[in-house]
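One structure is given here, and the rest of the page talks about it.
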Amino acid sequence: MYRINLYPEYRFRRRQARVRIFRLGLQASLMGMVMLVIGSLTLSALLLNEKARDVGNRISTQAQRLEIQGDPADALALANEIVELRGQRIDWAPKLAALSETIDGDLLLVEFKGNAPDRGKPSHLEMWGEALKDEVQVGVFSSFVDSLRADQRLVADFPGLRLGGIQDGKRTRFQVLWTPEQGGSS
């Protein structure tokens with residue numbers, strides 16, 4: 001049996017109907033996405049307003065506490081003291097950079113240990129390292145400490161930088177002491 005399409009416009013209309021359905025589906029999905037975005041923005045705006053109110057309430061509560069507790073000049077003096085103490089802190093980044101630039105390739109740093117001031121003893125930092133080679137001369141350690149002493153980034157806060165001790169074992173260990181005041185020699 002032969003089939004002859006006597007009405008080609010039907011095929012064209014069906015294709016147009018499919019295109020319209022696809023376009024409507026695409027538009028509906030885009031509108032849904034737009035509605036989701038608008039809803040999420042509205043929700044986030046409401047949450048931000050709630051947080052802003054909460055922060056405002058906290059600020060007013062803190063302001064009331066300051067009024068009850070005392071003079072704002074005391075708070076300003078406290079803030080100035082905190083800023084001054086912060087300025088007295090040691091900036092470790094340049095010191096570690098100087099350490100990495102001056103360390104010999106035959107030496108390995110294994111431990112840092114800091115001690116706070118206690119019973120009249122000043123604060124200090126101990127650094128332990130090891131020699132990577134089996135046969136190492138003592139001069140390697142002292143030249144390392146001398147090169148550390150020559151770097152102003154280290155000596156600015158630790159003028160008492162010195163070689164603490166050398167231990168022989170499986171690997172030769174050495175100790176470098178960093179003290180804030182001028183101390184003994186190597």
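Table for the structure above
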{"item": "Scope region 141-160; condition part of a helix (DSSP H, G or I) and either touching a Lys or Arg at 6+ places or on another chain (Cβ under 9 Å) or closer than 17 Å to D91 by Cα (or both); matching residues", "result": "V145, L148, R149, Q152, R153, L154, V155"}
{"item": "Region 77-100, residues that are among the basic types (K, R) and either modelled with pLDDT under 80 or within 17 Å of the chain's Cα centre (by Cα) (or both)", "result": "R86, R89"}
{"item": "Selection count, region 101-138, where residues are modelled with pLDDT of 80 or more and part of a helix (DSSP H, G or I)", "result": "2"}
{"item": "Criterion: over 32 Å from the mean Cα position of the chain (by Cα) and not polar (S, T, N, Q) - qualifying residue of R13, R58", "result": "R13"}
{"item": "Lone qualifier among R153, R173 - being in contact with a strand residue (DSSP E or B) (Cβ under 6 Å, 6 or more places away or on another chain) and in contact (Cβ under 8 Å) with a residue 40 or more places away in the chain", "result": "R173"}
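The values are calculated or read from the model by the stated rules, or taken from the named source; none is laboratory data. Note that the structure is predicted; figures quoted are calculated from it, not measured. Heads up, the Cβs are rebuilt from the backbone with ideal geometry, glycines too, and the neighbour counts pull from every protein chain shown.
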